[in-house]
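Before any comments, here is the structure.
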Amino acid sequence: MLAAGLMVAAMHPMRKWRMSLPPELRSLGAAGRLLGVSGSQIHRYENKARRVPPEKVIVYESITGIPRWVLRPDIYPPERRRGRKPASHKPALEMSAP
């Protein structure tokens, strides 16, 4: 039982994906084989010791269903996924006819 006021950390998306797999594929090693890496690497991703390499983000997205902006928000910021312009964008001034 949790003490009142105790914050519970959210489960890492990679671990959530792994736990959604059939029981025989939930081990670190089995999940690693699905992604072409070692079970140790999956453990590092889940514990935030390593980030998903940029060249693997799209591949992992297609295998896991985890959106690229969740896997690497530093590369794929939320503004891009929603089709909005970044907050720093300033609209061009329009010229009016005289």
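The combined condition, being touching a residue at least 40 places away in the same chain (Cβ under 8 Å) and part of a loop (DSSP other than H, G, I, E, B), is fulfilled by I66.
Inside region 16-62, residues that are within 14 Å of the chain's Cα centre (by Cα), β-branched (V, I, T) and either within 22 Å of P78 (Cβ to Cβ) or assigned to a loop (DSSP other than H, G, I, E, B) (or both) make up a count of 4.
In this entry, P98 is excluded by the filter for residues that are touching a helix residue (DSSP H, G or I) at 6+ places or on another chain (Cβ under 7 Å), modelled with pLDDT under 60 and in a loop (DSSP other than H, G, I, E, B). When G5 is tested against the conditions (1) surrounded by 15 or more Cβ atoms within 10 Å (Cβ to Cβ); (2) small (G, A, S); (3) modelled with pLDDT under 95, the lone failure is (1).
The values are calculated or read from the model by the stated rules, or taken from the named source; none is laboratory data. Computed from a predicted structure; not experimentally measured. All Cβ positions, glycine included, derive from the backbone under ideal geometry; neighbour counts span all protein chains shown.
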